[in-house]
């Protein structure tokens, strides 16, 4: 059975050539794409997880888990730890949608509004301009459900609209959905 590291290593090897080293965006997109076929269940359940480096079981997750795993596997950056530490130090800068009085390192990084606050605080918000591979885009789904996607290097039928990698309900997939839902944020976050 292939392990997560084996799939990621093979994917990264494919996107690198001797003439061009993989950029942070290449590594992020490759790590997101490596989840296709691996994360096959959409499961928003609250789960107690390890800290730092905690994760829900590999075969399940939500849209934020695609982003968290891509940063962790592709860039060795732990959003669980980073969001928790920033939220603990700046609790007032984060949304109060859930009525929390303190941080919860099991779930805070798995909530789209908290990721939006974190990326804004890290000056990662993109103002204007087109999409680049590795960009993060937040959207509002029907029923006021926030969603986040990773922009792929691949384009759909409309060459101006790149495909995205996300988990919207049936596991991690690469699809053309950038024009399907209202966009609420656009971020480009290089943790280096």
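The values are calculated or read from the model by the stated rules, or taken from the named source; none is laboratory data. Keep in mind that this is a model prediction, so the values were computed, not measured. Cβ atoms come from the backbone with ideal geometry, glycine included; neighbour counts cover every protein chain shown.
Sort out which residues of the range 88-101 are free of Cβ contacts under 8 Å to residues at least 12 places away in the same chain, farther than 23 Å from residue 61 by Cβ and outside any helix (DSSP H, G or I), and write them in order of number.
Filtering the range 88-101 for residues free of Cβ contacts under 8 Å to residues at least 12 places away in the same chain gives 89, 92, 96, 99-101.
Of the ones still in play, those that are also farther than 23 Å from residue 61 by Cβ are 89, 92, 96, 99, 101.
Selection gives 96, 99, 101.
When the residues of the range 125-143 are narrowed to those that are loosely packed, with under 11 Cβ neighbours inside 10 Å and modelled with pLDDT of 95 or more, which ends up nearest to residue 32 (Cα to Cα)? If we take residues in the range 125-143 being loosely packed, with under 11 Cβ neighbours inside 10 Å and modelled with pLDDT of 95 or more, then 142 is nearest to residue 32 (Cα to Cα).
A count restricted to the range 51-75 and to residues that are more than 13 Å from residue 108 (Cα to Cα), touching a helix residue (DSSP H, G or I) at 6+ places or on another chain (Cβ under 9 Å) and without any contact (Cβ under 8 Å) to a residue 60 or more places away in the chain stands at 5. Screening the range 164-192 for residues that are assigned to a strand (DSSP E or B) and over 14 Å from the mean Cα position of the chain (by Cα) and picking the one that is surrounded by the fewest Cβ atoms within 10 Å (Cβ to Cβ) gives 183. With respect to (1) farther than 24 Å from residue 186 by Cβ; (2) exposed (fewer than 13 other Cβ atoms within 10 Å of the Cβ); (3) in contact with a helix residue (DSSP H, G or I) (Cβ under 9 Å, 6 or more places away or on another chain), the lone exception for residue 100 is condition (2). One residue alone among 157, 85 is surrounded by fewer than 18 Cβ atoms within 10 Å (Cβ to Cβ) and assigned to a helix (DSSP H, G or I), and that residue is 85. So, residue 43, is that one touching a strand residue (DSSP E or B) at 6+ places or on another chain (Cβ under 8 Å), surrounded by fewer than 16 Cβ atoms within 10 Å (Cβ to Cβ) and modelled with pLDDT of 95 or more or not? Answer is yes for this residue.
A search for C-beta distances below 8 Å between a residue of the range 112-123 that is in contact (Cβ under 8 Å) with a residue 40 or more places away in the chain and any residue that is surrounded by 21 or more Cβ atoms within 10 Å (Cβ to Cβ) and in a helix (DSSP H, G or I), counting only pairs 6+ apart in sequence or on different chains, returns 112/63; 112/64; 115/64; 115/67; 115/79; 115/83; 115/109. Condition (residue is within 26 Å of residue 56 (Cα to Cα) and without any contact (Cβ under 8 Å) to a residue 24 or more places away in the chain) applied to the range 178-190: is it met by at least one residue? Looking through the range 178-190, none of the residues is within 26 Å of residue 56 (Cα to Cα) and without any contact (Cβ under 8 Å) to a residue 24 or more places away in the chain.
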